[in-house]
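Data block below; observations after.
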Amino acid sequence: MSYISAILKGDNVIVWERGEDGERVEQIYTAPFYFYIDDEEGDYETIFGSKVSKIEAPTHAQYRKAKAKCDENGYRMWESDIPPELRVLSNHYYNLPAPKLHKTFYDIEVNYDPEIGFSSVNNAYAPINSVSLFHYWKKEYVVISIPPEDGWTEERLEKECNAIEPVADGTTIRYIVCNTEKELLALFLVEIEDSDIICGWNSDMFDTPYVGRRIVENFGEKALARLDFRGAMPRWRDIKSRLTQKIIGTTLDLQGRVSLDYMNLVKKYEPGERPTYRLAAVADSVLVNDAGEPTLPKLEYEGTLHNLYYSNFAFFVRYNIRDTEILGGFEDKLGYVELANDMVHISCGIFNHVLGTLKLAEYATINHCHYNLKQVVPNFVPTSPADDKQIEGALVLEPDVGMHEWIGSIDINSLYPSAIRSINISPETLIGQFEEKVEAAEAIANSTSMPLKLQLENGEYIEKTAFEFRDWLLERKWAVSGYGTVFDQHTKGIIPTILEDWYATRKKYQALKKDAGKKAADILSKYKTNVPPPKPNERGDVDYKGFGKIL
């Protein structure tokens, strides 16, 4: 069995698992409270080759006291910032495949009072009047709605919705008609009971926190726990702008059950940016047939959604269902939730790490050090406010428009990883930094007489001319980056080793993809006469347009 999520609760770690038999179970582990401190006689080795001893504590309170005491006495601590729940995931689930999670895509519709205006998460006055769900693992749609008037039954609603447009073959749908929002929310909570992941579009900013607000309004604050797994409690969190750090919204973080926002997954995994991330626009560009026509366009109506609710309730409900159809279509074609699932389990992380840029890579690196090198890693050292700024990226120049002669282009394969490997950039291979930075690297490369100053990691300064430094560095088998940072070349570093392994794995899967493309082309050619089979390009991609569907 593999895990869905994990939380620290008191002195225990609760892990929710999804097994091959389809059952979700709860495992409770005694929390591993330990870290390391410098000790020349220690039994453990760090990535720098120094010795450390292990400090263990039986309870969370004693663990905090032990860290405070070591900090007070000036002891350097190692791995004291790794949360116990992530230690459990690494200790018990490393190298296990990702589980087949129960994914539910959902969308809510909210009523509206023209005198008050549109509701929001921070002013969630309006009741939810319809919620559509798509239980992806069993291909079942469920729509729970409150009619604006009497006379509506499940049978009537199903008949009229089907007359507008039935759901796709291979799926089923259940219609549930309610009288009150309280009943709707209670049924919604029952529907997601077996869901490991709930996922919407822009749901981090609206659907999930809005449902949370309405649950509190109808059932009280304690009832918020029903959105989560038993034993976990959702937490409110302010969302800040990355640029200004101003609060731009409020969301609700689930601790056990996973809440994902498909819009954020698209932004994360797609190269480049779209001009708009409206669901309709993305659906019309992603979910298309061979002729480029949208297969799941948003349903169009005149006026406002509020008016539609009262004037054409069946169309209103069918409109609600369409959003979950689109999300299911995204997962069929893009598979971004499954990609996130795989990435989380490769690193033994949690789903909250998916949208970040560092955490999953960080924990994958830590696991490599633990399992492959049998070494302890240092604590994370935050940068000072003066150094905490955006790092310059690639230099992009505006092109001169027009025809040009003698134009050349260079595309270096995996540029950044290749640069890291060639200079052996890794924390344990870092020797020091030239104060002159880029100028130092250029002067050493050109063997000039420019005086330079190198600060070693131990704080010592060495001053020589660039010409003298060139021979001095070669004797020691040290390399200088273009920024003037010096790295040891004697032993391959941890980061280059990991990148080498990842690169080899990437090449392996590229070969498998290319082979699969050729096999697909051979299969498709049997269903189209007098047309040569499509040829895969260098990456193994195949253009299937014109080959129709396999019947």
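Within the range 152-168, does at least one residue satisfy the condition of being in a strand (DSSP E or B), touching a strand residue (DSSP E or B) at 6+ places or on another chain (Cβ under 6 Å) and either in contact (Cβ under 8 Å) with a residue 24 or more places away in the chain or more than 19 Å from F330 (Cβ to Cβ) (or both)? Break it down into steps so the answer makes sense when it comes.
From the range 152-168, those in a strand (DSSP E or B) are none; that's our starting set.
No, there is no match, as no residue in the range 152-168 is in a strand (DSSP E or B), touching a strand residue (DSSP E or B) at 6+ places or on another chain (Cβ under 6 Å) and either in contact (Cβ under 8 Å) with a residue 24 or more places away in the chain or more than 19 Å from F330 (Cβ to Cβ) (or both).
For the range 100-118, which positions are touching a helix residue (DSSP H, G or I) at 6+ places or on another chain (Cβ under 8 Å) and of a type outside the set (D, E, K, R)?
Our first condition is that a residue be touching a helix residue (DSSP H, G or I) at 6+ places or on another chain (Cβ under 8 Å); within the range 100-118, this holds for 100-112, 114.
Passing the criteria: L101, H102, T104, F105, Y106, I108, V110, N111, Y112, P114.
Regarding L430, is this residue touching a residue at least 12 places away in the same chain (Cβ under 8 Å) and more than 39 Å from the chain's Cα centre (by Cα)?
no
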Screening L279, L287, L254, L260 for residues that are surrounded by 15 or more Cβ atoms within 10 Å (Cβ to Cβ), touching a Gly at 6+ places or on another chain (Cβ under 7 Å) and in contact (Cβ under 8 Å) with a residue 24 or more places away in the chain leaves only L287
Within the range 475-494, the residues that are part of a helix (DSSP H, G or I) and farther than 21 Å from K437 by Cβ are E475, I494
Q) Is there a residue being in contact with a Lys or Arg (Cβ under 7 Å, 6 or more places away or on another chain), part of a loop (DSSP other than H, G, I, E, B) and not aromatic (F, W, Y) anywhere in the range 71-89? A) yes
Qualifying residue in the range 448-459 (condition: over 38 Å from the mean Cα position of the chain (by Cα), exposed (fewer than 13 other Cβ atoms within 10 Å of the Cβ), in the same structural domain as R470 (by TED's automatic domain parsing) and in a loop (DSSP other than H, G, I, E, B)): yes
Checked pairs for the range 465-488, first touching a residue at least 12 places away in the same chain (Cβ under 8 Å) and within 13 Å of L454 (Cβ to Cβ), second among the polar types (S, T, N, Q) and outside any loop (DSSP other than H, G, I, E, B), C-beta under 6 Å and 6 or more apart or across chains, list as T485/Q433; F487/T429
Going through the range 466-479 in order, the residues found to be touching a strand residue (DSSP E or B) at 6+ places or on another chain (Cβ under 6 Å) and either under 30 Å from I366 (Cβ atoms) or of a type in the set (V, I, T) (or both) are W478, A479
The lone condition V177 fails out of (1) over 27 Å from the mean Cα position of the chain (by Cα); (2) surrounded by 15 or more Cβ atoms within 10 Å (Cβ to Cβ); (3) closer than 27 Å to V337 by Cβ is (3)
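How many residues does the range 39-60 contain that are over 17 Å from C369 (Cβ atoms) and surrounded by 12 or more Cβ atoms within 10 Å (Cβ to Cβ)?
Within the range 39-60, the subset over 17 Å from C369 (Cβ atoms) is 39-41, 53, 55-60.
In the following step, the residues that additionally are surrounded by 12 or more Cβ atoms within 10 Å (Cβ to Cβ) were identified as 39, 53, 55, 57, 59-60.
Counting residues in the range 39-60 that are over 17 Å from C369 (Cβ atoms) and surrounded by 12 or more Cβ atoms within 10 Å (Cβ to Cβ) gives 6.
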From the option list Y363, Y319, single residue qualifying as in contact with a Gly (Cβ under 7 Å, 6 or more places away or on another chain) and farther than 20 Å from R257 by Cβ is Y363
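Looking at D113, is it closer than 30 Å to S50 by Cβ and either at pLDDT below 95 or exposed (fewer than 15 other Cβ atoms within 10 Å of the Cβ) (or both)? Walk me through how you get there before you give the answer.
On the way: closer than 30 Å to S50 by Cβ: no; either at pLDDT below 95 or exposed (fewer than 15 other Cβ atoms within 10 Å of the Cβ) (or both): yes.
No: the conditions fail for D113.
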Taking the range 81-97 and the residues there that are surrounded by fewer than 19 Cβ atoms within 10 Å (Cβ to Cβ) and over 13 Å from Y363 (Cβ atoms), the one that is modelled with the highest pLDDT would be H92
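Can you tell me how many residues in the range 23-46 are within 21 Å of S5 (Cα to Cα) and among the small types (G, A, S)? Walk me through how you get there before you give the answer.
Residues of the range 23-46 that are within 21 Å of S5 (Cα to Cα), as a first pass: 23-33.
Checking the rest, the ones that are also among the small types (G, A, S) come to 31.
Residues meeting the conditions: 1.
The values are calculated or read from the model by the stated rules, or taken from the named source; none is laboratory data. Since we're looking at a predicted model, the values are computed, not measured. All Cβ positions, glycine included, derive from the backbone under ideal geometry; neighbour counts span all protein chains shown.
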